[in-house]
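Nothing in this text is a laboratory measurement; each read-out follows from the coordinates by a stated rule. Keep in mind the model is a prediction, meaning the values are calculated, not measured. Here Cβ is always computed from backbone atoms with ideal geometry, including for glycine, and neighbour counts include all displayed protein chains.
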Amino acid sequence: MMRPIAAAASIRRGASSPLTLLALTATLCLLPLSAHSQEAPVGEVKERVEKLRRDGRLSIAGTMIRASEVLSSLYERAGFQPIWTDPRTANALVQAVRSSTGDGLEPGDYHLGAIEALSAGPATPATQADLELLRSDALLRLAHDLRYGKVVPDDPAAERQLSRPLTGSDPAEDLRRMVLAGALADEISALRPRHPAYRGMMDGLAELRGIQERGGWEEVAPGPALRLGTVDPRVGALRRRLAAEQPRVATSGLSDEFDEAIDAAVRAFQRRHGLIEDGIVGPSTLRELNVPVATRIDQLRVNLERVRWIAHALPETYVAVNIPAAKVYLVRDGALLHEARAIVGRTSTPTPTFEASMRYIELNPTWTVPAGIVGEILDEIRGDPAYLRRMDMRVLDRSGRPVDPDPAQLLRYSARDFPYVFRQEPGPLNPLGSIKFVFPNRYNVYLHDTPSKQLFEREQRTFSHGCIRIEDPFRLAELILDDPVRWNRSQLLAAAEAGTRTITLADPLPVVIFYWTATSDGEGELNFYRDVYGRDAAVLAALNRSS
């Protein structure tokens, strides 16, 4: 049989008689179609779907498809008719799978090798049915992972749940519609988070991979702190290190002097890494400078995943807290309106990640000591019998009635069986300060003021028992209430001075507390923060685990 290339060559050489052209046309019509263009037989598809449902798994070309109600329903509802009938759609899937590296995902999770191998081979009924199932399972997994993330947030070792809807309310129908719509690339792209940080992080990931391909960046040797005016041979290495990551910052020159351009570049680096912006390359700044580019790439991959966990559920207006950054944000109508430093939980009492609704703001609040802190109060009383009086604290029973605060009686109990409640009155010693933002939740966590304002100047701000202390809380309250006539800053401060008062919000305000150790700001610059609770490794391992 004449090969297609040879047949085409004969036409180009001038085989122009009607009989010759007719013969060539007939020959071409008899040629086998490529694996990309033939449909899978219904019987073969049915056989594989039934085996998948029966055995719970199906091995094809060295890759495994696990049973999924979505996949089975997709074919059972339509009498096992194939859906991958358009070669352009099949090609679009392959391109989307390859492009998933830009999202920090692994193309191997979506059967890329098996799909490409079978597509390049003979187009038999069996291979076409194999490709049908592989493509559908690949799309299901890729679509799910872009929409929800591959890793289960609360348990990175768990298998992901593939039965959630992708674009509508029926995941099997979603999958069918995506394939048959004729614009699969657009359908897949639309599943990506639209949060601006996500696009910035994708761009940053591509840039860092380019740096990695060029050999990474140079380390700066340890030694005395470097600062403006220092002359040291290590300044050259510092110039090259900064220029590798910040090409837009003026760091050119061969001098060993730490000049103003280097000072500006160091301060920019410190700002992007959650460090004190003093322009001094001391131990903390040197440590962050010498983090390998491969580690930063992994950090971006982990946090692209974390964005996928929550971005689709974010409303247009909300308060957010990023724990590793120790910052609070107010977003209104999709735009960042306010940003402030925060203090979050210690590693022994970490701030949890969750979502809730802020319902009211309390001015000049009392503090009811959470059960988890009762042991610390008892220890204080044990060391100082006058502690409760000195701290202006009351002892109440579970009904709110005052109890005799006799230390000897209170110390008969442990924190575990303590039958009372400690409550501290408003005042300068109250750890909640002058204002508290309440969003009821099972963790008993809220945002609040603090008398220990000097802690906001610290580089790492993990000092609380889990609640979030915020810098300039009255500014946040003023913006949240958005009522300059009734509740401007002066009126809020005056009301707090007058005593305890509760201000109910006209509409509940969503609050999202999350854990991102890398993100991208509104300018597209990457920001990295220390993994204060040591959570990145488990997410990275789950991302790298073959599925």
message: Suppose R0 equals 25 Å. What FRET efficiency, 1/(1 + (r/R0)^6) with r the Cβ-Cβ distance, do residue 459 and residue 538 give to the nearest 0.05?
response: 0.50
message: Can you compute the label reach from residue 475? Point 7 Å from Cα along the Cβ direction, backbone N cut-off under 17 Å, restricted to the range 329-368.
response: 329-332, 336-343
- prompt: Mean residue ellipticity at 222 nm from the helices of the chain, using -39,500 (n - 2.57) per DSSP H segment of n ≥ 4 over the full residue count, to the nearest 500 deg cm²/dmol?
  reply: -12000 deg cm²/dmol
message: I'm spelling it out carefully: the read-out is Cα Rg over 2.2 N^0.38 Å, the candidates are (1) 1.28; (2) 0.97; (3) 1.04, and one was derived from this structure. Which label?
response: (1)
- request: Among the lysines, select those whose C-alpha is under 30 Å from the C-alpha of residue 150, and discard any that sit fewer than 8 residues away in the same chain.
  value: 46, 51, 327
field: Inter-label distance for residue 152 and residue 199, nm, one decimal - labels placed 7 Å from Cα along Cα-to-Cβ
entry: 3.4
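As an exercise, use a Förster radius of 45 Å and the Cβ-Cβ distance of residue 494 and residue 295 to find the FRET efficiency, rounded to the nearest 0.05.
Efficiency, rounded to the nearest 0.05: 0.35.
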query: Under Stokes-Einstein, with the Kirkwood radius over Cα pairs standing in for Rh, what whole-number D in µm²/s applies to the range 400-520 at 20 °C and 1.002 mPa s?
result: 123
statement: Membrane-span-like helices (DSSP H runs, Cα span along own axis at least 27 Å, mean Kyte-Doolittle at least -1.0) in the chain -> 125-148
statement: Pseudo-spin-label distance residue 183 to residue 257, built 7 Å along Cα→Cβ, given in nm, is 6.0
- prompt: For residue 117 and residue 416, what does the FRET efficiency come to when R0 = 60 Å and r is the distance between their Cβ atoms, rounded to the nearest 0.05?
  reply: 0.45
- line: Mean Cβ-within-10 Å packing, highest first, puts peptides 370-380, 138-148 in the order 138-148, 370-380
- prompt: How many angstrom lie between the C-alpha centres of the range 171-236 and the range 417-465?
  reply: 37
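Can you work out D for the range 255-386 in µm² s⁻¹ from Stokes-Einstein, where Rh is the Kirkwood radius over C-alpha pairs, the temperature is 4 °C and the viscosity is 1.567 mPa s?
Reported coefficient: 67 µm²/s.
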- prompt: What order do you get for 462, 124, 519 when you list them from fewest to most C-beta neighbours inside 10 Å?
  reply: 124, 462, 519
